[in-house]
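To keep things clear, I will list the structure first and then write my remarks on it.
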């Protein structure tokens, strides 16, 4: 079974595509000859990425400037897709933010801002896509990028962990609600992954100590999420919905 070939010609929306895991998923989809819609706030980076995706084999690349913390921005982006006649098949809710503030000193504004991106934004993007699928009488696949911190916690990560736990339960709730429409909703729960946003931290003594807590004793690479991504995005996973799957080097099954 060639999972990459099963993604070919599908329309795949990736939010937060300007860097990190989002960029990785966009490159994967392009290499599989999918039509790719890349969305993020940093349009200049998206424009550069779009050229690279075309070289990788994407037959069509659409660039959307989108801030998932803004309902107006999300609605504007989906209206643009409607005007272009783009019908999505796969939605990857990857856009997210982090905050390592301690609970007693965390400003309420920071709490609200992160929840707007990591939770409210995931719901809004999923709901806008799902409504179009329901109206058209067709199904689709939504892949939410959660985290192992949605399952277990660590000091200093209350806000981020809370937001990702919400994504885990949202994934299951939406899967249950939309299954009758043929809409599948699943989540990937990455462990410690080497990305542009986190590499500086992994080089610190604290970061190196965290890596030693991973049973496989190393960081994951973005491309090590690709197998699960293809399963969830294609008909290979056609009977999977409501699944939240860790890819973490065994971290969640490590001893306390």
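Every number in this text was worked out from the coordinates using simple rules, so none of it is lab data. Being a predicted model, the structure only gives us computed values, none of them experimental. For neighbour counting, all protein chains shown are included, and Cβ atoms are generated from backbone atoms with ideal geometry for every residue, glycine included.
On the phi < 0 side of the Ramachandran plot and without any contact (Cβ under 8 Å) to a residue 12 or more places away in the chain, is that true of residue 11? In short, no. Residues considered: 69, 40, 44. Of these, the only one that is in contact (Cβ under 8 Å) with a residue 12 or more places away in the chain, surrounded by fewer than 23 Cβ atoms within 10 Å (Cβ to Cβ) and more than 20 Å from residue 231 (Cα to Cα) is 69. Go through (1) surrounded by 12 or more Cβ atoms within 10 Å (Cβ to Cβ); (2) under 23 Å from residue 94 (Cβ atoms) one by one and return the number of the condition residue 215 breaks. All conditions pass for residue 215, except number (2). In the set (1) closer than 27 Å to residue 11 by Cα; (2) crowded, with 18+ Cβ neighbours inside 10 Å; (3) in contact with a strand residue (DSSP E or B) (Cβ under 8 Å, 6 or more places away or on another chain), the condition left unmet by residue 134 is number (2).
Somewhere in region 62-76, is a residue under 12 Å from residue 38 (Cβ atoms) and part of a helix (DSSP H, G or I)? No, region 62-76 has no match at all.
Report yes if residue 144 is within 24 Å of residue 237 (Cα to Cα) and either surrounded by 21 or more Cβ atoms within 10 Å (Cβ to Cβ) or without any contact (Cβ under 8 Å) to a residue 40 or more places away in the chain (or both), otherwise no. So residue 144 fits the description; yes.
Residues in region 14-33 that are in a loop (DSSP other than H, G, I, E, B), over 18 Å from residue 96 (Cβ atoms) and without any contact (Cβ under 8 Å) to a residue 40 or more places away in the chain: 1 in all.
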